[in-house]
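Undergrad: Mind having a look at this structure? Questions to follow.
The values are calculated or read from the model by the stated rules, or taken from the named source; none is laboratory data. Note that the coordinates shown come from a computational prediction; the quantities given were computed from them, not determined experimentally. Cβ atoms come from the backbone with ideal geometry, glycine included; neighbour counts cover every protein chain shown. Keep in mind that these areas ignore ligands, DNA and RNA; they rest on the heavy atoms of the full protein, side chains included. Shrake-Rupley method; radii C 1.70, N 1.55, O 1.52, S 1.80 Å.
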Amino acid sequence: MIEFEDVPMLRDPIMIAAFEGWNDAGETASATVAHLIETWDATPIAALDPELYYDFQVNRPRVSGDAGNREITWPTTKIFLARDTPLDRDVLLVQGIEPSMKWLSFTRELIEFATEYEIGMIITLGGLLADVPHTRPIPVTVTSEDEETRQRYDVEPSRYEGPTGIVGVVTDAAHRAELPTLSCWAAVPHYAGGSPSPKATLALLTRLEELLDALIGHADLPDQARAWEHGVDELAASDDEVADYVHSLEQAQDTTELPEASGDAIAREFEKYLRRRETDD
């Protein structure tokens, strides 16, 4: 870990992390952290050594600047400190790229950093491609592997099985280090997941506001979300097959959300109610 400056004494800090790549459909998660960095005027305090974790033929360095003042920026994962937040606590924001190699060492460095500075919780963000319509609210799923955290935030454990990305590895390592975790994933329509999806970013940001019980400025994200949805509307209107497919997704989601649609859904809601009652008692 390369520290840019001495880290000050932190106030009950939490960490929010997102990574470009496999975990970031529609650039949803990385855009959310970038928004938080800008909104909270966060400053970089540390970075992981890029030469240890990245294949520069996959993630190439970038050259910028004017003649005589050129600079190379290397792909890496940086940690930013946000102190001016509405949370009455400090936030460490991890803005990175999924590593090309040495995932275990990469994860160990992050968790050791979090432990050293007594992070109270790690929130990981992700975006996944899913069979959801762009015309409806973007679903955001929140899970936790920690029982106390699940009860506090009224969320479920993850039941996903299959290939995982660096977000899953970091979340697992944090849990094993006994650091409370929340993992938040926005579902991006797969037929419109190739470009940035501000509507999904806005959904993820709104869910974060609920979890943190704080208002976060949205800037022009609502306007961007409407423009994105309008653009996908035009795409669907120009292709009958896409239009029919979107309509079928709309019908499926609307039916699933009907109160009488699923006995299992009702049972899950009742179980949540009972858990809340037990917590209140």
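Undergrad: If you take the residues in segment 145-192 that are open to solvent by less than 20 Å² (accessible area, probe 1.4 Å), touching a helix residue (DSSP H, G or I) at 6+ places or on another chain (Cβ under 7 Å) and small (G, A, S), which one is farthest from V232 (Cα to Cα)?
TA: A174
Undergrad: Within segment 144-164, does at least one residue satisfy the condition of being touching an Asp or Glu at 6+ places or on another chain (Cβ under 7 Å), assigned to a loop (DSSP other than H, G, I, E, B) and in contact (Cβ under 8 Å) with a residue 60 or more places away in the chain?
TA: no
Undergrad: All but one of (1) over 17 Å from the mean Cα position of the chain (by Cα); (2) open to solvent by 50 Å² or more (accessible area, probe 1.4 Å) hold for A114; which doesn't?
TA: Evaluating A114 over (1) over 17 Å from the mean Cα position of the chain (by Cα); (2) open to solvent by 50 Å² or more (accessible area, probe 1.4 Å) leaves (2) as the failure.
Undergrad: Of everything in segment 243-265, what is part of a helix (DSSP H, G or I), at pLDDT below 60 and of a type in the set (G, A, S)? Give them in sequence order.
TA: The answer is G263, A265.
Undergrad: Output the qualifying pairs, or none if there are none: Cβ atoms under 7 angstrom, residues six or more apart or on different chains, first residue in segment 44-57 and more than 17 Å from E3 (Cβ to Cβ), second residue in a loop (DSSP other than H, G, I, E, B) and hydrophobic (A, V, I, L, M, F, W, C).
TA: Hits for this filter: D55/M101.
Undergrad: Going by what's in this entry, would A31 be described as open to solvent by less than 50 Å² (accessible area, probe 1.4 Å), in contact with a Pro (Cβ under 9 Å, 6 or more places away or on another chain) and touching a residue at least 40 places away in the same chain (Cβ under 8 Å)?
TA: yes
Undergrad: Assuming P196 fulfils every condition listed in (1) assigned to a helix (DSSP H, G or I); (2) open to solvent by 50 Å² or more (accessible area, probe 1.4 Å) apart from one, which condition is it?
TA: Of the numbered conditions (1) assigned to a helix (DSSP H, G or I); (2) open to solvent by 50 Å² or more (accessible area, probe 1.4 Å), the odd one out for P196 is (1).
Undergrad: Just one of (1) surrounded by fewer than 20 Cβ atoms within 10 Å (Cβ to Cβ); (2) assigned to a loop (DSSP other than H, G, I, E, B) trips up P99, so point out which.
TA: The failed condition is (1).
Undergrad: Quick check on segment 83-104: of everything there that is farther than 19 Å from L182 by Cα and touching a Leu at 6+ places or on another chain (Cβ under 7 Å), which residue is modelled with the highest pLDDT?
TA: Among those residues, the one meeting the criterion is K102.
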